[in-house]
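Accompanying notes for the structure given below.
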Amino acid sequence: MESNNLDPILEGRRSQPHQLIEVLQDIQEQHGYISEESMVTVSKELGMPLMEVYSVASFYKAFSLKPRGKNVITICTGTACHVRGAKLNLNQATGQLGVTPGEVTDDGLFTIENVNCLGACALAPVVTENGSCHNHMTPSKLRKLIRSLQKRGTEDISNG
Amino acid sequence: MAKVNTLKKLEALRNKILNNREKYRATIVICGGTGCQASRSGDVISEIKKELDNHGLNGSVCLRTTGCHGFCEQGPLMVIEPDNLFYCHVSPRDVSEIVSKTILNNEIVERLLYTDPVTGKLIKTESDIPFYRAQDRHILAQNRQVDPCSIEDYIAIGGYAALGKTLFEISPESVVQEIKDSGLRGRGGGGFPTGRKWDECRKAPGDEKYVICNADEGDPGAYMDRCVLEGNPHLVLEGMMIGAWAIGAGQGYVYVRNEYPLAVEHIRVAVKQARELGLLGDNILGSSFSFDVEIARGGGAFVCGESTALMASLEGKVGEPRPKDVHTVVDGLWHKPTTLNNVETWANVPAIIQNGSSKFAAKGSKGSKGTKILALTGCVKNTGLIEVGMGTPIRTVVFDIGGGVSNGKPIKAVQTGGPSGGCLPVHKFDLPVDFDALYDAGSMVGSGGMVVMDENTCMVDVAKYFLTFLQDESCGKCLPCRVGVDRMLEIITDITEGRGNFEQISLLEELGDTISQTALCGLGKTAANPVISTLRYFREEYETHIEDKKCPAGVCQELITYAIDPESCTCCGVCKNACPHDAITGKKKQIHAIDLDLCQKCGICMTTCKFDAIIVN
């Protein structure tokens, strides 16, 4: 990644090490993950050791150091979701796609993640698909959702 | 927009807003909180806009999109003012009927009314619904009255008047005294007296001081801060301003979880609007007080809910706590005196100043004053966000407001206070929601999460769940939490997988005691609570796991096997299709069977079988 790509994010934040987390948040949001190159750029531009950038990027859950799948399915495993069967949804997603949470499927289409609480506990169990929230999720609803995303993914590939 | 730089101008603006509203004959209030959004309230909103346009009603009917109303289970929720008609489960298809019948002809669309599950009667207004009737809503009640993205709405209900009163009528010392007199205690979990915190920070030496709003609500099962910040951000800002004036701070920060995108957006909008009106910035309302607020997004670390870790994170560092031998009120953010309060604590401040501390203190129990917002979730009928006077018995919350069991299974326990709290059994349900009473019972109010658990919940598994959470979230700085929690999890895993022995129970208790005495931060010190409280009240479940190698609730995977009951199996093939591991065999018209070698015990077949043919052994 060229340093130019990060210019809009770094604008107004250069040489301000306390802005590190905000900068990383924006990189994560716009690029999907924090690459080694972007960490080097951030370290130079904020004026702090690369080691510190790496320690922060690897400490917080919000940051992914590897690229993620095209579709990110986030399964809430908060207490309220847990007592209403969040584990079943997690089992469904990982079983159906054959990956463990955090991994990308071989076709690059999916990443399954679990999150500790999305704060929609009254509608538990909750699953988000690329940021949009699905409430009262069941394994069979999730299976259909994943299938429809798979179908869309293969269509995209064949349409080139 | 013209700056509001005097008290008179604020009052004039308020009158202007109220006058402007007289043209509306009705207001459609629709919940746009995260819960109702997940129930597709966004589609309902665009449909209303279209429909109002079609009927040329834009000038006479007001549409207000608000934050959470609390009764998320029934969403999307709609209230039609002035009669406060309450509609639930509103879909885009219902909108044209609502406009043509209710708005234009004052008729009620009966199928959208709430049905009392006990009496079967239709209920027309929110205040008559048992879920709302048993509550005492002060902070949450405002959510319905304001569009969180409209500072005008907040000013219309008397917003920023308490700030005006503070700046021109009350000295900082008296503000602190008023908060002390109110008996307000921190709503984030600690329950520390807010007035005392402010007093110490005010008296701390130094010209540069900070106030922080902690909106890093990492407790799983709790979402009151999200709803308040998302639904009424100006209330939180006003509270922070009053606090800043009292302690002498010029800069504030809101540290908000990034998992709450709507809350982040709304507080950003609120800060921008307040700046535009001059309610943030230099010489607020023409006084000598200058103050501004910055928003920082959290990185998704539970430990950052701890004050010193949060401050480290605000400084752009790894969120690790530090010893608190010198308190943050003296040595906080960037080593300056800092007052950090939770969202709900700040939200309580304006009303205390406006109505007086005695009115606030009149509610609640001896040591816990005012009201508390609780997130009532889990195995009850009415899940949602509620607000009750401190001291209300748990029984009232679970049965009167929550409506009791959701699926016929008896209620076994309630988990309060998140990973730092504990599980209380039904025979303790007469305990009041009170900081001290719950602490004495081995749990805590915490930030207000209340997860109700029924007979299908295994308490050993719940303890394991929290330990897994804490092990994952432990920052790793101090040994007792890093290694202690790890060892406790190892022991509990042994117990849930049939390798447990009775000596391990006393080892768990000993470890728990050591962690609570030696861990560095508050979250570490309370990490053993879920285990200790379940051992205290549900010891027999641990013993069954150890002695009989059985999980009475049928949850712990290693102790159960799934089988198909040939009597009930209808050979429909649904479970076979559902099994992600291809562990179910059986052709059409042939009783199905589970291949135990392939079965991963995920339990999905059991949820899909409509004939209860999947049994747990």
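The values are calculated or read from the model by the stated rules, or taken from the named source; none is laboratory data. Note that this is a predicted model, so its numbers are computed, not measured. Glycine also receives a Cβ, built like all others from the backbone with ideal geometry; neighbour counts cover every protein chain displayed.
Inspect all residues belonging to segment B:174-191 and state whether any of them is of a type in the set (Lys, Arg), touching a Pro at 6+ places or on another chain (Cβ under 9 Å) and under 27 Å from B:Tyr260 (Cβ atoms). Looking through segment B:174-191, at least one residue is of a type in the set (Lys, Arg), touching a Pro at 6+ places or on another chain (Cβ under 9 Å) and under 27 Å from B:Tyr260 (Cβ atoms).
Pick from segment B:473-503 the residues that are among the small types (Gly, Ala, Ser) and over 16 Å from B:Val531 (Cβ atoms): which of them is surrounded by the most Cβ atoms within 10 Å (Cβ to Cβ)? Only one residue tops the list, namely B:Gly498. Summed over segment A:110-128, the residues that are more than 8 Å from chain B (Cβ to nearest Cβ), within 24 Å of B:Gly67 (Cβ to Cβ) and surrounded by fewer than 23 Cβ atoms within 10 Å (Cβ to Cβ) give a count of 1. Against the test of being assigned to a strand (DSSP E or B) and within 19 Å of the chain's Cα centre (by Cα), the options B:Val388, B:Val349 yield a single qualifying residue, B:Val388.
Candidates in segment B:433-461 are the residues that are aliphatic (A, V, I, L, M) and within 20 Å of the chain's Cα centre (by Cα); of these, the one that is farthest from B:Met390 (Cα to Cα) is B:Met453. Filter segment B:36-46 for residues that are closer than 19 Å to B:Leu85 by Cα and modelled with pLDDT of 95 or more; which is surrounded by the most Cβ atoms within 10 Å (Cβ to Cβ)? The extreme case among them is B:Val44. Any residue that is within 22 Å of B:Glu230 (Cα to Cα) and not hydrophobic (A, V, I, L, M, F, W, C) - is there at least one of those in segment A:79-101? Taking every residue of segment A:79-101 in turn, at least one turns out to be within 22 Å of B:Glu230 (Cα to Cα) and not hydrophobic (A, V, I, L, M, F, W, C). Among the residues of segment B:439-460, those that are surrounded by 24 or more Cβ atoms within 10 Å (Cβ to Cβ) and either basic (Lys, Arg) or in a helix (DSSP H, G or I) (or both) comprise B:Met459, B:Val460. Of the helices (runs of 4 or more DSSP H) lying entirely inside segment A:1-117, those containing at least 1 residues that are in contact with a strand residue (DSSP E or B) (Cβ under 7 Å, 6 or more places away or on another chain) are A:20-31, A:79-83, A:86-97.
For segment B:16-23, the count of residues that are under 24 Å from B:Val269 (Cβ atoms), within 13 Å of chain A (Cβ to nearest Cβ) and in contact (Cβ under 8 Å) with a residue 12 or more places away in the chain is zero.
Any residue in segment B:592-605 that is at pLDDT 95 or above and assigned to a helix (DSSP H, G or I)?
no
Taking the listed residues B:Ser150, B:Ser127, B:Ser182, B:Ser171, the one that is modelled with pLDDT of 95 or more and surrounded by fewer than 17 Cβ atoms within 10 Å (Cβ to Cβ) is B:Ser171, with no other qualifying. Would you please name the residue that is modelled with the lowest pLDDT, looking only at residues in segment B:555-591 that are of a type in the set (Lys, Arg) and in a loop (DSSP other than H, G, I, E, B)? So the residue we want is B:Lys588.
Each residue in segment B:587-617 was checked for being within 14 Å of chain A (Cβ to nearest Cβ) and of a type outside the set (Gly, Ala, Ser), and 14 of them qualify. Tallying residues that are surrounded by fewer than 23 Cβ atoms within 10 Å (Cβ to Cβ) and away from chain A (no Cβ under 11 Å) within segment B:304-326 yields 5. When B:Met488 is tested against the conditions (1) assigned by TED's automatic domain parsing to the domain that holds B:Thr518; (2) on the phi > 0 side of the Ramachandran plot, the lone failure is (2).
If you go through segment A:14-34 and pick out every residue that is more than 7 Å from chain B (Cβ to nearest Cβ) and out of contact with any Gly (no Cβ under 6 Å at 6 or more places or on another chain), you end up with 13.
Filtered by the rule that a residue be away from every other protein chain (no Cβ under 14 Å) and buried (at least 21 other Cβ atoms within 10 Å of the Cβ), segment B:292-303 gives a lone residue, B:Val293. For a quick check of your reading of the model, give me the residue pairs whose first member lies in segment B:462-477 and is not assigned by TED's automatic domain parsing to the domain that holds B:Met488, whose second is charged (D, E, K, R), with beta-carbon atoms closer than 9 Å and at least 6 apart or on different chains. Hits for this filter: zero, empty list.
One residue is enough: does segment B:219-227 have a residue meeting the conditions more than 14 Å from every other protein chain (Cβ to nearest Cβ), of a type outside the set (A, V, I, L, M) and in a helix (DSSP H, G or I)? Looking for residues that are more than 14 Å from every other protein chain (Cβ to nearest Cβ), of a type outside the set (A, V, I, L, M) and in a helix (DSSP H, G or I), one finds none in segment B:219-227, hence no. Total residues in segment A:129-160 satisfying the condition of being among the hydroxyl-bearing types (Ser, Thr, Tyr), more than 7 Å from chain B (Cβ to nearest Cβ) and more than 17 Å from the chain's Cα centre (by Cα): the figure is 3.
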